[in-house]
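To keep things clear, I will list the structure first and then write my remarks on it.
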Amino acid sequence: MSTSCDFKLAADLSASCENPSVAGLKNTGYIMNFDDIDFSALTYDETNPNIVKTLALQPGKKAYSMYVPGAKPYTGTNKAMVKGNYRNKFTKTVNVVILDNGPDVCHNIIDQLANGQFVIVLENKFAGAGAKNTFEIYGLEQGMSASTLTDDKYSEETDGGWAATLEETNAPRSGIFLFGESLAATRTALASLVSGS
């Protein structure tokens, strides 16, 4: 058993001319309660621990869909390295707008976001080779929690609704992606998490 981590590059740092990178995220995302994840049922790709093949929830639990309209949904979503004493880690940030307000929204969404921990899956516009880049998971290692929640009644960005920023801090991995046997199978798996089946 190794007692040290051997951090050495294992691939060329180059851009793909055949499959160029594309910026941005798609409009639909998925959010679930961190405690509802069935961590014992998580399966990872045998050759790459940054790919989750199976994301499962505890019995009776479900995920919730998110939809942010516009050409630049989830603007401000990013990942950044944080320098550590012994090992560098990452802060992952997801920005969401909830274009609604009222007692049900406050009770079922805002109050819960204010105090809970979550896992979010977003769809990148850049699918990458074999579509393995398509779905990215935020919060799987440390959970995401709200750092800001604001309701500006005159905001042109939210039309009087809510703006939320959720953060995962001290994540050891820079990115975790969800990909089953195929892109279609991954989409079906996400749909089943939302339906609770």
Original post:
Among [x] 56, 46, 31; [y] 44, 40, 32; [z] 54, 39, 36, which one is Cα extents along the principal axes in Å computed from these coordinates?
Top reply: [z]
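Would you kindly state how much longer the chain becomes between Lys72 and Asn95 on full extension, computed as 0.36 nm times their sequence separation minus their alpha carbon distance, in nm to one decimal?
In short, 7.2 nm is gained.
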Subject >> Inter-probe distance in nm under a simple model that places probes 7 Å from Cα toward Cβ, at Thr54 and Asn115 >> reply: 3.5 nm
Subject >> lysines whose Cα lies under 21 Å from that of Lys89, excluding same-chain neighbours fewer than 8 positions away >> reply: Lys8, Lys79
Subject >> Label-to-label distance, nm, for residues given as Ser174 and Ala129 (7 Å Cα→Cβ offset) >> reply: 1.6 nm
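Quick one: length gained pulling Lys61 to Leu13 fully straight, 0.36 nm per residue minus the C-alpha distance? Don't jump to the answer; show the numbers that get you there.
Values: separation 48, 0.36 × 48 = 17.28 nm, distance 4.09 nm.
13.2 nm is the gain from fully extending Lys61 to Leu13.
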Original post:
Expressed as an acute angle from 0 to 90° and rounded to the nearest 10, what is the orientation of the C-alpha long axis of helix 183-195 relative to the principal long axis of the chain?
Top reply: 40 degrees
Subject >> Simple spin-label estimate for Asn27 and Ser195 in nanometres, 7 Å along Cα-Cβ >> reply: 2.2 nm
**OP:** Return the calculated 222 nm mean residue ellipticity for the chain, to the nearest 500 deg cm²/dmol, obtained by summing -39500 (n - 2.57) across DSSP H runs with n ≥ 4 and dividing by the residue count.
**Re:** -2500 deg cm²/dmol
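Which order do peptides 57-67, 147-157 fall in by mean Cβ count within 10 Å, highest first? Before the final figure, lay out each step's value.
Details: 57-67: 14.4, 147-157: 11.5.
Sorting 57-67, 147-157 by mean packing, highest first, produces 57-67, 147-157.
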Original post:
To the nearest Å, what is the center-to-center distance of the stretch 97-112 and the stretch 153-197, using C-alpha atoms only?
Top reply: 17 Å
**OP:** Run the dipole for the chain about the Cα centre, Lys and Arg Cβ at +1, Asp and Glu Cβ at -1, nothing else charged, and hand back the magnitude in debye, nearest 20.
**Re:** 500 debye
Subject >> Computed FRET value (nearest 0.05) for Val105 with Leu42, which takes r as the C-beta separation and R₀ as 30 Å >> reply: 0.45
**OP:** Name the residues whose placed amide hydrogens come within less than 5 Å of the amide hydrogen of Thr54, ignoring near sequence neighbours (fewer than 5 apart) on the same chain.
**Re:** Thr43
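No lab work stands behind these numbers, since they all come straight from the coordinates. What you see is a predicted model; the values in this text were computed from it and never measured. Note: ideal-geometry Cβ built from the backbone for every residue, glycine included; neighbour counts use all protein chains shown.
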